[in-house]
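Working notes, beginning with the structure itself.
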Amino acid sequence: MLQTPAIVFCDVDGLIPVRGKMAPGFDEFTAGLQHAAIPNVWVTMRNRLQIDDPRRKLGHNHPFIAEGGCGVYLPEGYFHLRPAKTMRLGRFTCLPVAEPQPAAAEALEELSAETGVPVVPLRSLSPRELAQNSGLPAQQAELVRHPDFDEPFFFAGAAESDVARFATESVNRNWQVRQRGVLRSLAVGANLKQCIRELSKLYARALRSQPKIIGIASEDGASELLAACDRGFVLVDRTSDGSDTTRERLPARFREIELGSADGWERIIGALTGKS
């Protein structure tokens with residue numbers, strides 16, 4: 001592995017949406033990082049199967065963190081030093097942080113029964129129902145029902161007070177209930193910070209140095225990712241909100257980059273390579 005000044009952890013869910021166009025310039029940015037020999041670790045709420053097509057289209061051959069901090073996925077032969085605790089999932093060696101399935105499925109069933117709050121796991125739906133409830137085309141919707149760790153679901157007519165009680169009880173058990181658009185998901189032990197920490201250790205061992213850990217995330221998903229990084233960039237969409245309050249809240253080690261600006265991605269690469 002070549003020496004590098006930084007490891008980039010990039011939240012790609014807003015940049016490569018399941019439906020719609022990729023963020024302008026992100027493909028060139030990905031190629032630019034590759035040219036600069038800077039590893040680009042994708043971070044996503046999607047599962048391994050859902051992220052496979054975007055990775056193939058953009059030629060992404062670095063590790064990725066999937067299902068919202070449930071596990072780190074390493075391409076075959078990426079590191080010569082094998083981590084102590086791994087499991088094989090598809091074509092990848094995975095460092096599990098959350099408990100693998102069926103732990104989340106069983107936890108969701110138990111939590112629903114004990115709180116009396118009815119839920120509908122997505123894996124229980126027919127292909128037609130799955131497409132209708134996820135809002136995705138049938139082929140993409142089918143991939144949602146095959147997570148390695150997470151358990152996607154929705155509430156079946158529950159009142160807001162029931163949903164709040166369900167969420168509180170999940171916190172008491174150290175289970176993570178996360179919002180996923182109109183859906184939710186439950187994981188047992190998901191921890192994005194731990195994923196970043198474990199993968200950073202592998203890079204440090206492979207490189208025999210400690211590169212900077214850099215986070216890139218949109219405003220709505222920046223806090224958890226950037227909290228685990230040395231420095232970071234917050235992608236701001238000025239077209240959706242005219243307010244300018246984010247800059248006041250950001251620590252000095254984080255910078256705003258306007259999403260869609262002509263030179264935004266170039267400025268990030270310049271900062272990473274010391275050319276700006």
Original post:
If you scan the stretch 81-102, which residues turn out to be assigned to a loop (DSSP other than H, G, I, E, B) and either in contact with a helix residue (DSSP H, G or I) (Cβ under 7 Å, 6 or more places away or on another chain) or closer than 23 Å to GLY32 by Cα (or both)?
Top reply: LEU81, PRO83, GLY90, VAL97
Subject >> GLU114 in a helix (DSSP H, G or I), acidic (Asp, Glu) and within 28 Å of ASP162 (Cα to Cα) >> reply: yes
Original post:
Would the stretch 64-73 turn up any residue that is touching a residue at least 24 places away in the same chain (Cβ under 8 Å), within 15 Å of LEU199 (Cβ to Cβ), of a type in the set (Gly, Ala, Ser) and out of contact with any Ser or Thr (no Cβ under 8 Å at 6 or more places or on another chain)?
Top reply: yes
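Just one of GLU129, GLU76, GLU114 is surrounded by fewer than 18 Cβ atoms within 10 Å (Cβ to Cβ) and either without any contact (Cβ under 8 Å) to a residue 12 or more places away in the chain or hydrophobic (A, V, I, L, M, F, W, C) (or both); which is it?
GLU129
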Subject >> Pick from the stretch 175-213, criterion assigned to a strand (DSSP E or B) and touching a Cys at 6+ places or on another chain (Cβ under 6 Å), ranking: surrounded by the fewest Cβ atoms within 10 Å (Cβ to Cβ) >> reply: ILE213
Subject >> Cross-chain or 6+ apart pairs with Cβ under 7 Å, the stretch 18-37 first and closer than 28 Å to ALA131 by Cα, then assigned to a helix (DSSP H, G or I) >> reply: VAL18/GLN140
**OP:** Find all pairs meeting these conditions: Cβ atoms under 7 angstrom apart; at least six residues apart or on different chains; first residue within the stretch 255-270 and part of a loop (DSSP other than H, G, I, E, B); second residue surrounded by fewer than 17 Cβ atoms within 10 Å (Cβ to Cβ) and of a type outside the set (Val, Ile, Thr).
**Re:** LEU259/ASP237; GLY260/PRO24
**OP:** Scan the stretch 159-171 and give yes if some residue there is surrounded by 13 or more Cβ atoms within 10 Å (Cβ to Cβ), polar (S, T, N, Q), touching a Pro at 6+ places or on another chain (Cβ under 8 Å) and not assigned by TED's automatic domain parsing to the domain that holds GLY221, otherwise no.
**Re:** no
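For the stretch 38-59, indicate whether the set of residues that are assigned by TED's automatic domain parsing to the domain that holds VAL177, in contact with a helix residue (DSSP H, G or I) (Cβ under 8 Å, 6 or more places away or on another chain), part of a helix (DSSP H, G or I) and among the hydrophobic types (A, V, I, L, M, F, W, C) is non-empty. Please lay out each step first, then the result.
Just the residues of the stretch 38-59 that are assigned by TED's automatic domain parsing to the domain that holds VAL177, to begin with: none.
The answer is no, given that none of the residues of the stretch 38-59 is assigned by TED's automatic domain parsing to the domain that holds VAL177, in contact with a helix residue (DSSP H, G or I) (Cβ under 8 Å, 6 or more places away or on another chain), part of a helix (DSSP H, G or I) and among the hydrophobic types (A, V, I, L, M, F, W, C).
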Subject >> Number of the condition not met by ASP27 [criteria: (1) under 23 Å from PHE153 (Cβ atoms); (2) surrounded by 13 or more Cβ atoms within 10 Å (Cβ to Cβ)] >> reply: (1)
Original post:
Here are some conditions: (1) surrounded by 18 or more Cβ atoms within 10 Å (Cβ to Cβ); (2) within 17 Å of ALA217 (Cβ to Cβ). ARG55 meets all but one. Which one does it not meet?
Top reply: (2)
**OP:** Kindly indicate which of GLU67, GLU76, GLU99 is in contact with a strand residue (DSSP E or B) (Cβ under 8 Å, 6 or more places away or on another chain) and modelled with pLDDT under 95.
**Re:** GLU76
Original post:
Could you list, in sequence order, the residues of the stretch 1-55 that are of a type in the set (A, V, I, L, M), more than 25 Å from GLN139 (Cα to Cα) and out of contact with any strand residue (DSSP E or B) (no Cβ under 6 Å at 6 or more places or on another chain)?
Top reply: MET1, LEU2, ALA31, ALA36, ALA37
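The values are calculated or read from the model by the stated rules, or taken from the named source; none is laboratory data. Quantities reported herein were computed from a predicted structural model and do not represent experimental measurements. Quick reminder, even Gly has a Cβ in these numbers, built from the backbone with ideal geometry, and neighbours come from all protein chains shown.
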